[in-house]
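Enquirer: Sharing a structure below in structure tokens format, with a few things to ask.
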Amino acid sequence: MSSWAFFCTVIRRDLFLAWQQRGDLLVGLVFFVLVACLFPLAIGPEAKLLSRIGPGVLWVAAILANLLALPRLFQADWQDGTLEQLLLAPAPAGMMVAGKIVAHWLTTGVPLTLIAPLLGVQYGLSSDLLLMLMATLFIGTPVLSALGSIGAALTLGVRQGDMLLALLVLPLYAPVLIFGSGAVAAVAGGLNGYAELSLLAAIACGSLFLAPWLAAMAIKLAVE
Amino acid sequence: MILIDQIAAQRGDRPLFSNLSFALQAGDCIHLRGENGIGKTSLLKMLAGLSQPDQGQILWQGQALTELGDDYHGQLHYLGHKDALKDLLSPYQNLHWATQIAGNPLSEAAILHTLAKVGLLQQCDLPVRSLSQGQKKRAALARLLATPRPLWLLDEPFVALDTTAQSELGEWINNHCQQGGIVILTSHQQLPSIQHVTELTLTRPL
Amino acid sequence: MKPHADGPRWLNIFHFASPYQFYPLAGRLIPLFATLAVLLAMAGLWLGFAIAPADAQQGEGYRIIFLHVPTSWMAMLIYVAMAFWSVMHLILRTRLSAMMAQALAPTGALMAFLSLFTGALWGKPMWGTWWVWDARLTSMLLLFFLYLGFIALTRSIDEPDRADKAGSVLAIVGVFNVPVIYFSVKWWNTLHQGASISMEKGSTMASTMLIAMLLMSLAAWMYAITTTLSRVRNLILQREARTRWVQELLAIPANKA
């Protein structure tokens, strides 16, 4: 079987499984909306302040929602033994992880990106800011899934794995957060924000290229 | 066909087995025995290529597993402790995706034919979580019959099966060996009616 | 692992990769490095706190850099060393390399913590607050979390083999990220805080200060080596507790007593 066919099969399989449990996906989205709604309650409804912190708050909320969904990447497959069968497919394990990352992104990052403008409106972001926010989320959320896959693989079956996952992964997310919210802030400040966006894209290329192989290595440790 | 050459394994600082060597020809069936924790599952995982021995090597048709890489996986079926079934999906869907992942997509008729062989035709659209333990095992065993592959690695395949199902599985193993396949299995039970089975008992190194 | 008897030992770089060979070597090296650490630290502290002149702008308060700068350097350097041993472990499959990485981590975390702590102490007289979101402090904070993550991961996996490899993968991921984090935080910092006082400002350092700083850095090196070696010895004893040589080793003091 070619690596490409295997990659596509894994994506189709994971999307099919996600569709079977679509309630779980909704939970992540509702969490994202809730976190974003809590900040105005804490800070107050002053429009100017809200529009200033809006991009940052939405990015942090997106990161937390992603973190919440990370254990789903490998946990269920590991528990019922299908992860072993995936590793035993006649194709590279890195392609399997890459497929899972893409499926995870399609089921978490893309919905977040699509719903973010609605929340952005609540924070009084103008349309060009909303556009930039969507662009950064679109490019940045695959990085979250990719880097997160390494953490999820390392903590498979480990005591207090989910807590540990947050500790391992959140520091790695810092650059994505900085460039993601930075690009929107740059647009708000009258710049075009392309510099941050291209740096984000560079990080995306690097992490999507390297993460699957490192995560595959970590998965093999969990299955051994 | 498969040659185990002086392999050794340890778990942490505890040696499991060392200097283990044996060779299997087409048609051989090996029954791995030994006390709990002796490393039977570890050995099966090494034979499947899921992990590497600490010393020695395993050869498949004269080539080391480390050289064969992922292509070797196309030669074997591995049935682990866990059934590798999705609880939410039906046996039909499970087998469909299992064969897709294994790189041999089957037609609907072929999947149904396989499920009929393991006696799950009536349950083929029920979610796996509503099946009994024995039926789940059958759903897992369906993978072996779905695509012909020479090497079967079975970890405790008889657990949870009733006597008729056990003798059926024994029949499948016999057929597989007669057609030139190799079976390596672990079991704490007496094996039902398998011809030409060789017992191999693992012992702790001194 | 059995001791290798073949060939002269200096020809075989893997000779000391065996825990059996490394344990006594580490035992002999520890007093040496510990003495060096104490001597260098005493010299550095004396030079830095008694001899070096007070700074024109910052008065006596600046002297904390003799602690702050060496600990910051060590915190970063130790992470690179950890990543190096991790790569060695994954490539050569030597268990000692993974033990080295794990022994380095607590010292690295301590150094990062001390760097943050002294940074806060220094920040109070300089900036008037304990904490500013300065690029260096922020990335040091993230580095500290990377250390904590490494320690937590390796401690919470029970099988030593998996803990070794998982830790190695994490350290390698981390070392790719440290420069990215540093760069991104710096970028973020210049965007948000153009007006903050930079640390390099007015750093025309007197030569005594420079020498004191170097002495303190060397002392930190020696300290790190000492603690790492003793931690490696502990790890070796734990991991190899079932082997004959460890049991013989532990039996000797018992017989003497």
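The values are calculated or read from the model by the stated rules, or taken from the named source; none is laboratory data. Model, not experiment: these values are computed from the prediction. Glycine also receives a Cβ, built like all others from the backbone with ideal geometry; neighbour counts cover every protein chain displayed.
Enquirer: Can residue A:56 be described as buried (at least 23 other Cβ atoms within 10 Å of the Cβ) and either among the β-branched types (Val, Ile, Thr) or in a helix (DSSP H, G or I) (or both)?
Expert: Criteria not met by residue A:56.
Enquirer: Check the range A:184-206 and report whether any residue there is in a helix (DSSP H, G or I), acidic (Asp, Glu) and surrounded by fewer than 24 Cβ atoms within 10 Å (Cβ to Cβ).
Expert: no
Enquirer: Hey, could you check the range A:174-190 for residues that are more than 10 Å from chain C (Cβ to nearest Cβ) and among the aliphatic types (A, V, I, L, M) and say which is nearest to residue A:3 (Cα to Cα)?
Expert: By that ranking, first place goes to A:183.
Enquirer: Can residue B:102 be described as within 22 Å of residue B:160 (Cβ to Cβ), within 12 Å of another protein chain (Cβ to nearest Cβ) and among the small types (Gly, Ala, Ser)?
Expert: Considered against the rule, which asks whether it is within 22 Å of residue B:160 (Cβ to Cβ), within 12 Å of another protein chain (Cβ to nearest Cβ) and among the small types (Gly, Ala, Ser), residue B:102 comes out as no.
Enquirer: Does residue A:137 meet the test of being surrounded by fewer than 23 Cβ atoms within 10 Å (Cβ to Cβ), more than 8 Å from every other protein chain (Cβ to nearest Cβ), under 16 Å from the mean Cα position of the chain (by Cα) and aliphatic (A, V, I, L, M)?
Expert: Spelling it out, it is not the case that residue A:137 is surrounded by fewer than 23 Cβ atoms within 10 Å (Cβ to Cβ), more than 8 Å from every other protein chain (Cβ to nearest Cβ), under 16 Å from the mean Cα position of the chain (by Cα) and aliphatic (A, V, I, L, M).
Enquirer: With the condition kept exactly as written, say whether any residue in the range B:54-66 is within 12 Å of chain A (Cβ to nearest Cβ) and free of Cβ contacts under 8 Å to residues at least 12 places away in the same chain.
Expert: No, the conditions are met nowhere in the range B:54-66.
Enquirer: From the residues in the range C:178-192 that are surrounded by 13 or more Cβ atoms within 10 Å (Cβ to Cβ) and more than 9 Å from chain A (Cβ to nearest Cβ), which one is modelled with the lowest pLDDT?
Expert: C:189
Each row is one residue, and each column tells you yes or no for (1) touching a helix residue (DSSP H, G or I) at 6+ places or on another chain (Cβ under 9 Å); (2) modelled with pLDDT of 85 or more; (3) under 30 Å from residue B:54 (Cα atoms).
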{"residue": "C:1", "(1), (2), (3)": "yes, no, yes"}
{"residue": "C:4", "(1), (2), (3)": "yes, no, yes"}
{"residue": "C:13", "(1), (2), (3)": "no, no, yes"}
{"residue": "C:42", "(1), (2), (3)": "yes, yes, no"}
{"residue": "C:52", "(1), (2), (3)": "yes, no, no"}
{"residue": "C:73", "(1), (2), (3)": "yes, yes, no"}
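Enquirer: Among the residues of the range A:80-99, what is the count of those that are surrounded by 21 or more Cβ atoms within 10 Å (Cβ to Cβ) and outside any helix (DSSP H, G or I)?
Expert: 3
Enquirer: So, one more: Restricting to the range A:175-211, what's the tally of residues that are among the aliphatic types (A, V, I, L, M) and within 20 Å of residue A:145 (Cβ to Cβ)?
Expert: 14
Enquirer: Same structure again: Regarding the range B:83-91, can at least one residue be identified that is under 20 Å from residue B:129 (Cβ atoms), more than 7 Å from chain A (Cβ to nearest Cβ), touching a helix residue (DSSP H, G or I) at 6+ places or on another chain (Cβ under 6 Å) and part of a helix (DSSP H, G or I)?
Expert: yes
Enquirer: Any idea how many residues of the range B:32-43 are surrounded by 17 or more Cβ atoms within 10 Å (Cβ to Cβ), away from chain A (no Cβ under 11 Å) and within 16 Å of the chain's Cα centre (by Cα)?
Expert: Number satisfying all stated conditions: 4.
Enquirer: Give me the pairs: first residue in the range B:1-23 and among the charged types (D, E, K, R), second residue exposed (fewer than 14 other Cβ atoms within 10 Å of the Cβ), beta-carbon distance under 8 Å, and six or more apart or on different chains, which are they?
Expert: B:5/B:21; B:11/C:159; B:13/C:241; B:13/C:242; B:14/C:242
Enquirer: Quick check on my filter: what residues within the range B:1-53 are more than 20 Å from residue B:66 (Cα to Cα), not in a strand (DSSP E or B) and not β-branched (Val, Ile, Thr)?
Expert: Correct list: B:12, B:13, B:25, B:26, B:27, B:28, B:34, B:35, B:36, B:37, B:39, B:40.
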